[in-house]
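None of the figures in this text is laboratory data; all of them are computed from the coordinates on show. Please read all numbers here as calculations on a predicted model, not as lab measurements. Cβ placement follows ideal geometry from the backbone for every residue including glycine, while neighbour counts extend to all protein chains displayed.
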Amino acid sequence: MSRPGATATEGRRAVEAVWRIESARIVGALARYTGDLALAEDLAQEALAEALVTWPREGAPRNPAAWLLTVGRRRAIDGFRRRAALDDRYAALARDLGEGGATSGGPAPEAADDVLWDPDQIDDDVLALAFTACHPVLSREARVALTLRVIGGLSSDEIARAFLVPTATVQARITRAKKTLAAARVPFEVPPPHERRERLGSVLSVVYVTFTEGSTATSGGELIRTDLAREAIRMARILARLLPGEPEVMGLLALLELTAARFPARTGPDGEPVLLEHQDRRRWDRAAIRRGRAALAGTERVGRGLGAYGLQAAIAECHAIAPSVEATDWERIVLLYDALGGLAPSPVVDLNRAVAVSMAEGPAAALRVVDELVAADALPGSHLLPSVRGELLTRLGRTAEARAELARAIGLCGNARERELLERKRDALG
């Protein structure tokens, strides 16, 4: 017989595991039933809270996801009954006052039996959940928080830790997002084809932003937040399964897999950053590289040409298959950045292209590109531009100028690990 403490711990772990895997399907099914995303998310959270009390005491049920869904459905039915009873009381009061007009109640409880866990609609539910949580009426921060909550299954505390903001801030964003969706009368549905491509861009952007923050944290004491990056990959895999014919979905998945493949070699024993040229490529995740290349090949098979995410994935593939920095096909990477700059121009793309140019043509050619960005006041407040310029000046032997640029980058860098690396580069110049 197991110890009560051990059983409680196992029960909590079971709740956490099931919730992380099944939460999107549960919230989606409840949203389809109630027609209200905010209500569905609240009902799912209530079911989760009940599971955290019941499962450690009684053990996990045979079908945990169905258990959670049943509890959520019962809570919904209870709410419908209370609302119906209240409507009846209001109607009786109106009749007494001579105003008439009784209102109808919610659906009959027995109507819930067959409409929730429909295997033919599960994928549509999750897809509708993604499009709803990433609706353009919401701010980017709200989309990220709501998506991580309803699709990723993360708690407010987990989201707050991931982005280094107070839990109250995350809770406020989620609450405001749900109120905004309700006020805008956003339907819980997969949008019609003519709206889908525009809305899909918003969904993919949320996944990309989430991964980017996990891949290279903008602040805090860790360079990589693996849990956040892995959550983004999981969401990208869900989207790729639901939308196999969309090349940019496959392109994004390829990009995330190929980028995450380098995670094991990007930090040293104490968490310090390891630059690309010093990474032990034997530590790269070969399985992730194979998955990423397969997704990229799937993108190319669609035959529409590579989009912005696909082009970035192709750049990541060049790194993944190269035996060393020196043997990397930098000329191809420059061409891919040229194409990316034409398709999705941004100062970050130009800066990354300059790094590739420095490897293909030398630091002097790259410095001309970077100086154009400086003259245009690109990326104000970011440490990226002065850090790259400092590196190029170092390679050109312009030590005093390089030290000044690296000092500027140190002052702007919010991540402690990256800041330490920049300080070591500056100090190495004497």
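Please work out the FRET efficiency for the pair THR175 and ALA327, using the Cβ-Cβ distance as r and a Förster radius of 41 Å; give the result to the nearest 0.05. FRET efficiency, THR175 to ALA327: 0.20.
Basic side chains Lys and Arg get +1 at the Cβ, acidic Asp and Glu get -1 at the Cβ, and with that the dipole of region 152-191 about its Cα centre reaches some 200 debye.
Against the longest alpha carbon principal axis of the chain, how many degrees, from 0 to 90 and to the nearest 10, is the axis of helix 286-302 turned? The two axes meet at around 80 degrees.
Residues LYS179, LYS425, ranked from the fewest to the most other C-beta atoms within 10 Å, line up as LYS179, LYS425. Result for the chain in a Gaussian network model with C-alpha springs under 10 Å: among ALA327, ALA182, ALA365, the largest mean-square fluctuation is at ALA327.
Given the rule -39500 (n - 2.57) for each run of at least 4 DSSP H residues, summed and divided by the residues of the chain, what is its mean residue ellipticity at 222 nm, to the nearest 500 deg cm²/dmol? Dividing the helical sum by the residues of the chain leaves -23500 deg cm²/dmol. Dipole magnitude for region 359-430: about 220 debye, using +1 per Lys or Arg Cβ and -1 per Asp or Glu Cβ, origin at the Cα centre. Summing charges over all other residues whose Cβ lies under 12 Å from the Cβ of LEU429, with Lys and Arg as +1 and Asp and Glu as -1, gives +1.
Please give the length that would be gained between ARG304 and ALA375 if that part of the chain were fully extended, namely 0.36 nm times their separation in residues minus their C-alpha to C-alpha distance (nm, one decimal).
Details: separation 71, 0.36 × 71 = 25.56 nm, distance 3.64 nm.
Gain in length upon complete extension: 21.9 nm.
A value for Cα extents along the principal axes in Å was derived from the coordinates, and within the list [x] 78, 46, 41; [y] 85, 52, 37; [z] 90, 58, 42 it appears as [z]. Subtracting the Cα-Cα distance of ALA407 and ALA183 from their residue separation scaled by 0.36 nm leaves 75.8 nm. Using a/c under 1.5 as the rounded threshold, could you call region 359-430 rounded, prolate or oblate? The axes a ≥ b ≥ c are square roots of the C-alpha gyration tensor eigenvalues, and prolate needs a/b larger than b/c, oblate otherwise. It comes out oblate by the Cα gyration axes. Taken about its Cα centre, the chain carries a charge dipole of roughly 540 debye when the Cβ of each Lys and Arg holds +1 and the Cβ of each Asp and Glu holds -1. Amide H to amide H, with H built 1.01 Å from N, THR267 comes under 5 Å of VAL274, counting only residues 5 or more places away or on other chains.
Fewest neighbouring Cβ atoms within 10 Å first, the residues ASP78, ASP124 line up as ASP78, ASP124.
Please build a GNM for the chain, connecting alpha carbons under 10 Å apart, and tell me which residue among ALA232, ALA344, ALA40 fluctuates the most. With Cα springs under 10 Å in the chain, the top fluctuation among ALA232, ALA344, ALA40 is at ALA344. Here the Karplus curve 6.51 cos²θ - 1.76 cosθ + 1.60, taken at θ = phi - 60°, turns the phi angles of region 221-238 into couplings of x, 10, 6, 10, 9, 4, 4, 5, 5, 5, 5, 5, 4, 4, 5, 5, 5, 4 Hz, with x standing for Gly and Pro.
Principal-axis analysis of the Cα atoms of the chain puts helix 363-375 at an angle of about 50° to the longest axis.
Shape of region 282-345 from its Cα gyration tensor (a ≥ b ≥ c, root eigenvalues): rounded if a/c is under 1.5, otherwise prolate when a/b > b/c, or oblate?
oblate
Applying the Karplus relation 6.51 cos²θ - 1.76 cosθ + 1.60 with θ = phi - 60° to region 172-179 yields 3J(HN,Hα) values of 5, 5, 5, 4, 5, 4, 5, 5 Hz, where x marks Gly and Pro. Taking amide hydrogens as placed 1.01 Å from N in the peptide plane, the amide H of GLY220 sits under 5 Å from those of ALA416, each at least 5 positions away in sequence or on another chain.
Comparing VAL249, LEU393, ALA356 along the charge dipole axis of the chain, the residue lying farthest to the positive side is LEU393, per the Cβ-charge model. Inter-label distance, ARG12 to ARG395: 5.1 nm, where each label sits 7 Å from its Cα along the C-beta direction. Placing a label point 7 Å from the Cα of LEU52 along the Cα-to-Cβ direction, the residues of region 136-179 whose backbone N falls under 12 Å from that point are 155-158. Under a Cβ-Cβ cut-off of 10 Å, what is the net charge of the residues other than SER23 that fall near it, where Lys and Arg count +1 and Asp and Glu count -1? Computed value for this residue: +1. Label reach from ARG20 (point 7 Å along Cα→C-beta): in region 246-288, no amide nitrogen lies under 12 Å. Where in the chain lies the longest segment free of GluC sites (Glu not before Pro) that are both loop residues by DSSP (not H, G, I, E, B) and have at most 10 other Cβ atoms within 10 Å? Longest site-free region, per DSSP loop and neighbour criteria: 100-325.
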